[in-house]
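Peer 1: Quick one: this structure, given as structure tokens, is what I'll be asking you about.
The values are calculated or read from the model by the stated rules, or taken from the named source; none is laboratory data. Keep in mind it's a predicted model, so treat the numbers as computed, not measured. We place every Cβ from the backbone using ideal geometry, glycine too, and count neighbours over all the protein chains shown.
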Amino acid sequence: MYRRRLTSLPLFFSHFHQVKRADQLKIYQAFSTEIINPVESESSSTRNSPYVAFVLGGPGSGKGTQCLKIAETFGFEHIGAGDLLRKEMYSSTEEGAMIQKLMREGSIAPSEVTVKLIQKAIESAENRKFLIDGFPRSEENRTAYERIIGAEPNFVLFFDCPEEVMVKRVLNRNEGRVDDNEHTVKERLKVYKAVTLPVVNHYAKKGKLYKVDGTGTQEEIFERVRPIFSSLSSLV
Ligand SMILES: Nc1ncnc2c1ncn2[C@@H]1O[C@H](COP(=O)(O)OP(=O)(O)O)[C@@H](O)[C@H]1O
Ligand SMILES: O=c1ccn([C@@H]2O[C@H](COP(=O)(O)OP(=O)(O)O)[C@@H](O)[C@H]2O)c(=O)[nH]1
Ligand SMILES: [Mg+2]
């Protein structure tokens, strides 16, 4: 159980390089050499609420791989939204069949279904620090989460990766997934660009987005991620 939490993320992020794009979105970009000196708040009213990082990026950008490393190194609970839906898919319920169809098409499951699964996972965990991987995938997902859970994430980690790299990784994934094929990955990329990137932009505008270069080896990427979580570990 954590006792203190970080509530002043813009201050935290001010120790990273702030990248202002032409559209004036605020994005914080990590460099592994940065020394981070976060500022903490002692707000007792929020002390017991879960500490949540959303992890976003296109299919194959490395979200799941990096989440496993973060969870292992920094003691976060890893909640994979796709993993929760896949578990439900194999449950031989009516909902399971519906999820399988949506996944095969590369579409997004109804928000109520995904948010309820995430809520159950948060409530049943002893840990209070969570990585929510692969969610929210749409603005509608995001608002449903905020409505049902009653909170925004503390920050959002975004893996930025070129399409051709993502496609190659997905097609080599070899986990027997119904969506790891050329047709579905094309659909998923369309959905990602049209429906998920607006969520990324939303958090960039709010100063909550932390963008990491998702190319290179798994170890190289983790070294870009590490400073973000190192700075939190004494606070959450
Ligand atoms: N940096 C990397 N270089 C090469 N392959 C990677 C890298 N990171 C992950 N992979 C592999 O690419 C595939 C997709 O990674 P994954 O973590 O499942 O991505 P996502 O969850 O974003 O779809 C997996 O087979 C994984 O082992
Ligand atoms: O919040 C979510 C997360 C996943 N999915 C579905 O599950 C698939 C696989 O998601 P996952 O995160 O496992 O894929 P990844 O991006 O890791 O390849 C997506 O394409 C969607 O069909 C969804 O509907 N809502
Ligand atoms: Mg994944």
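Peer 1: Go through Ser91, Ser124 for me and flag whichever is surrounded by fewer than 18 Cβ atoms within 10 Å (Cβ to Cβ) and modelled with pLDDT of 95 or more. Steps first, please.
Peer 2: On the way: Ser91 fails: modelled with pLDDT of 95 or more.
Matching residue, one of Ser91, Ser124: Ser124.
Peer 1: Does region 105-138 hold any residues that are touching a Ser or Thr at 6+ places or on another chain (Cβ under 9 Å) and either away from ligand 3 (no atom under 16 Å from the Cβ) or hydrophobic (A, V, I, L, M, F, W, C) (or both), and which are they? Please lay out each step first, then the result.
Peer 2: Kept after step one, since they are touching a Ser or Thr at 6+ places or on another chain (Cβ under 9 Å), are these residues of region 105-138: 105-106, 108, 111, 128, 135-138.
Result: Glu105, Ile108, Ser111, Arg128, Phe135, Ser138.
Peer 1: From (1) more than 16 Å from ligand 1 (Cβ to nearest atom); (2) within 19 Å of Gln66 (Cβ to Cβ), pick out the condition that doesn't hold for Asp160.
Peer 2: Of everything listed in (1) more than 16 Å from ligand 1 (Cβ to nearest atom); (2) within 19 Å of Gln66 (Cβ to Cβ), Asp160 misses just condition (1).
Peer 1: Just to check your reading of the model, which residue among Glu88, Glu95 is more than 10 Å from ligand 3 (Cβ to nearest atom), among the acidic types (Asp, Glu) and touching a Gly at 6+ places or on another chain (Cβ under 9 Å)?
Peer 2: Numbers: Glu95 fails: touching a Gly at 6+ places or on another chain (Cβ under 9 Å).
Just a single option satisfies the conditions, and that option is Glu88.
Peer 1: Further question on the same structure: Which of the residues belonging to region 50-80 are in a helix (DSSP H, G or I) and more than 9 Å from ligand 3 (Cβ to nearest atom)? Break it down into steps so the answer makes sense when it comes.
Peer 2: Initially, region 50-80 is screened for residues in a helix (DSSP H, G or I), giving 63-74.
Hits for region 50-80 are Gln66, Leu68, Lys69, Ile70, Ala71, Glu72, Thr73, Phe74.
Peer 1: Scan region 95-112 for residues that are in a helix (DSSP H, G or I) and either hydrophobic (A, V, I, L, M, F, W, C) or in contact with a strand residue (DSSP E or B) (Cβ under 9 Å, 6 or more places away or on another chain) (or both) and jot them down. Steps first, please.
Peer 2: Step one: of region 95-112, the residues in a helix (DSSP H, G or I) are 95-105, 111-112.
Once the filter is applied, which keeps residues that are in a helix (DSSP H, G or I) and either hydrophobic (A, V, I, L, M, F, W, C) or in contact with a strand residue (DSSP E or B) (Cβ under 9 Å, 6 or more places away or on another chain) (or both), region 95-112 yields Ala97, Met98, Ile99, Leu102, Met103.
Peer 1: Out of all the residues in region 80-112, which are closer than 19 Å to Arg188 by Cα and among the β-branched types (Val, Ile, Thr)?
Peer 2: Residues satisfying the conditions are Ile99, Ile108.
Peer 1: Is it the case, given these coordinates, that Pro110 is away from ligand 2 (no atom under 11 Å from the Cβ) and over 14 Å from the mean Cα position of the chain (by Cα)?
Peer 2: Numbers: away from ligand 2 (no atom under 11 Å from the Cβ): no; over 14 Å from the mean Cα position of the chain (by Cα): yes.
So Pro110 does not fit the description; no.
Peer 1: Working only within region 196-236, note down all residues that are more than 16 Å from ligand 1 (Cβ to nearest atom), hydrophobic (A, V, I, L, M, F, W, C) and assigned to a helix (DSSP H, G or I).
Peer 2: Residues satisfying the conditions are Ala204, Ile228, Phe229.
Peer 1: If you check Gly134 against the conditions, is it at positive phi and surrounded by fewer than 22 Cβ atoms within 10 Å (Cβ to Cβ)? Walk me through it before giving the result.
Peer 2: On the way: at positive phi: yes; surrounded by fewer than 22 Cβ atoms within 10 Å (Cβ to Cβ): no.
The answer is no for Gly134.
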